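See structure below.
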Amino acid sequence: MGWIILGVIVVIVAIVLVIVGLRAGEEVDPIQMRMEAFADRAEPVTLEEIELSQPLSQRIFIPMARRIGEMVLRFTPQNAIQNTTIKLEMAGKSMDPTVFWGLRVAGVALGLLFVFLGGIVPEGSFLKGRGLLFGLPMGFLGFFLPELWLSSQITRRQNAVRKAMPDALDLLTICVEAGLGFDAAMAKVNEKWDNELALAFGRVIREVQLGKLRREALRDMADHLGVPEMTSFVAAVIQSEQLGVSMANVLRIQSEQMRIRRRQAAEEEAHKAPIKMLFPMALLIFPSIMIVLMGPAALILMQSALGAMFFH
């Protein structure tokens, strides 16, 4: 009985680790939020109070996942770690690679735990002899589910950047034609909008203010986003800066090209719609129509003399 209770506790901890870890990258800045909360206090704040003000996930589960990930990374190829770091940057998540790999290992441990429980539970239990049946799918999903979640976040961010690029380039063009510099125009985009592209421009501005070359900051932004349209835009901006071409003309041409690409992408998705609709129609709609149309005829046929020959 004690082994069963321990197994249930481990299952709960593994599930909480996976859920909390996947949500960890979405938090804005927990340290900044805590400092702002205590900044208005008149009395002095101790380090213990600041630590206790953190949520339970930040105090227990995230450090636990990070510790597991640090042990896993010792046996993980360096190439896999670098790929994970790049994907986290492309997804716009502040999660450490150690936490991410700790979540994947926790998912595998969850599957192994089901296998273990299937062998120790008493006879007559539901899991008895079914450990592999539940453990293998749980371990497989636990290991690959964080990777699928990360890929979906990358796709979501890239689609948001593609959608916002034409309007952002229009605003950049207007600001440059009004006499602002390119950095000030990016600052206006970051000030007016709150989307993935505006946040990326804000990061470029902060890096330039810290002393980084603008062309290097723009290249890093294109690499972190992983959008081909942004890569070509950055290349055009850097080339115009080096050759002395009018920035306003370059931005106007890039804006028109982005709108053409967005329209072509929309037309491509529209052409894919009939093929995508074929499977739900064949599996869901057509069988329902057949039941509605052929059901009464089948009942009448069963009650007829011909139906009596086969059903009686």
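What follows draws every value from the coordinates through simple rules; no lab data is involved. Keep in mind it's a predicted model, so treat the numbers as computed, not measured. Because the Cβ atoms are built from the backbone with ideal geometry, glycine has one as well, and the counts that use them run over all protein chains shown.
Of note:
- Phi angles of the stretch 234-249 translate, via the Karplus equation with coefficients 6.51, -1.76, 1.60 and θ = phi - 60°, into HN-Hα couplings of 5, 4, 5, 5, 5, 5, 5, 5, 6, 8, x, 6, 4, 5, 5, 5 Hz per residue; Gly and Pro are given as x.
- Short-range pairs are left out: with C-alpha atoms under 8 Å and at least six residues apart, the relative contact order of the stretch 176-312 is 12 percent.
- With a Förster radius of 41 Å applied to the C-beta separation of Arg219 and Ile289, the computed FRET efficiency comes to 0.15.
- Amide H contacts of Ser94 (H built 1.01 Å from N, in plane; Pro and chain starts excluded): no residue 5 or more places away or on another chain comes under 5 Å.
- Whole-Hz ³J(HN,Hα) from phi, Karplus 6.51 cos²θ - 1.76 cosθ + 1.60, for the stretch 164-170, glycine and proline x: 8, 5, x, 5, 5, 5, 4
- Shape of the stretch 160-262, Cα gyration tensor, a/c cut at 1.5: rounded
- Gained length - Phe144 relative to Leu132, 0.36 nm times residue gap less alpha-carbon distance: 2.5 nm
- Remark: the stretch 95-102, residue by residue, has Karplus-estimated 3J(HN,Hα) of 6, 6, x, 5, 5, 4, 5, x Hz, where x stands for each Gly or Pro and the curve is 6.51 cos²θ - 1.76 cosθ + 1.60 at θ = phi - 60°.
- In summary, the lysines within cross-link reach of Lys192, defined as a Cα separation below 23 angstrom excluding same-chain residues under 8 places away, comprise Lys93, Lys163.
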